Every structure is written in C-alpha cells, then in structure tokens.
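Structure record follows, encoded as structure tokens.
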Amino acid sequence: MKVMMAARQATKQRPNGAHRRCLVSGAVLPKDSLLRFVVTAEGSVNPDATGKRAGRGLWLSPGRDMIKMALARKLFAKAARRRIDDVDDALARRAEADLIRCWRAVLGLARRAGQVAT
C-alpha cells in the first residue's frame, strides 16, 4: 500500500511530461517549446498560442522557416488527414501576432500583480 502511495506522489511531483512531435523535424519536444496550430471544422489552419482552441492540434517548432517548410510540403493536410483549404503565406504573421497578443496579456497580468515595473 505504501509503495502505491509513493508512486502516486511521484507522478504528482513530476513536471509536466506532455511531449508532442514537430511536423517538420519529427523531433519529440515538450509541449511548452512548440507552437500549436488548429485545424478547424471548416478546413482552415489557425495559430493557437493559448492551447485552448477547439480542433485538431498540430505542433511545430518555433520559427518562420518551420512554418514555410510545413506549407511547402503540405504537412498540415497530411497530419490532419483531410483537405485544408485556407492555408496561406500569412500564417507565420498570424502566428506571430497571436504570440504577441498572448504575451501582452501575460505581461498585463504580471503588471497588475506588481511583478513587473515599467
């Protein structure tokens, strides 16, 4: 009984072990170090910096070159196993804007909590 309790406590204390595979490089990395993209029911790909949007999640290593390679190789459609209609070259800009919006929200919360001074 004590062994089972110790095993449960060890799993609770373990850091987040969620790993995902990058579409382009194939590297298995922690979720926190990858960018998530979502394939919607309409067949479009959207960046998801918060990780809360509904839809099939696809993961890429951060970088414009990774997004361009995924677009060139049509990896979003292959990974989603469906036709993707709305994928364009502006996806990298939309991902960057989504990340900036997410970081601004985090910085705003930290400022209101007194953790950041400007």
**Message:** Tally up the residues in segment 1-27 that are open to solvent by less than 100 Å² (accessible area, probe 1.4 Å) and at pLDDT 85 or above, please.
**Reply:** 9
**Prompt:** Looking at this structure, is ALA70 touching a helix residue (DSSP H, G or I) at 6+ places or on another chain (Cβ under 8 Å) and within 25 Å of LEU29 (Cα to Cα)?
**Reply:** yes
**Asked** Within segment 28-50, can you find the residues that are open to solvent by 40 Å² or more (accessible area, probe 1.4 Å), aliphatic (A, V, I, L, M) and at pLDDT 90 or above?
**Response** VAL28, LEU29
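I'd like the full set of residues that are surrounded by 12 or more Cβ atoms within 10 Å (Cβ to Cβ) and assigned to a loop (DSSP other than H, G, I, E, B), limited to segment 56-81. Talk me through it step by step, then tell me what you get.
Taking segment 56-81 and keeping what is surrounded by 12 or more Cβ atoms within 10 Å (Cβ to Cβ), we get 56-64, 66-71, 73, 75-80.
SER61, PRO62, GLY63, ARG73 - these are the residues of segment 56-81 that are surrounded by 12 or more Cβ atoms within 10 Å (Cβ to Cβ) and assigned to a loop (DSSP other than H, G, I, E, B).
State the number of residues belonging to segment 85-118 that are open to solvent by 30 Å² or more (accessible area, probe 1.4 Å) and either assigned to a helix (DSSP H, G or I) or touching a strand residue (DSSP E or B) at 6+ places or on another chain (Cβ under 8 Å) (or both).
Of all residues in segment 85-118, those open to solvent by 30 Å² or more (accessible area, probe 1.4 Å) come to 85-89, 93-94, 96-97, 99-107, 109, 111-118.
With either assigned to a helix (DSSP H, G or I) or touching a strand residue (DSSP E or B) at 6+ places or on another chain (Cβ under 8 Å) (or both) added as a condition, the list becomes 85-87, 93-94, 96-97, 99-107, 109, 111-112.
Looking only at that region, the number is 19.
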**Prompt:** Does any residue in segment 43-55 that is in contact (Cβ under 8 Å) with a residue 40 or more places away in the chain come within less than 7 Å, Cβ to Cβ, of a residue that is open to solvent by less than 40 Å² (accessible area, probe 1.4 Å) and among the hydroxyl-bearing types (Ser, Thr, Tyr) six or more places away or on a different chain, and which pairs are these?
**Reply:** ASN46/THR40
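The values are calculated or read from the model by the stated rules, or taken from the named source; none is laboratory data. Treat the numbers as computed from the prediction; the structure is a model and nothing was measured. Virtual Cβ from ideal backbone geometry, glycine too; neighbours counted across all protein chains shown. Accessible surface areas use protein heavy atoms only, side chains included; no ligands, DNA or RNA. Shrake-Rupley method; radii C 1.70, N 1.55, O 1.52, S 1.80 Å.
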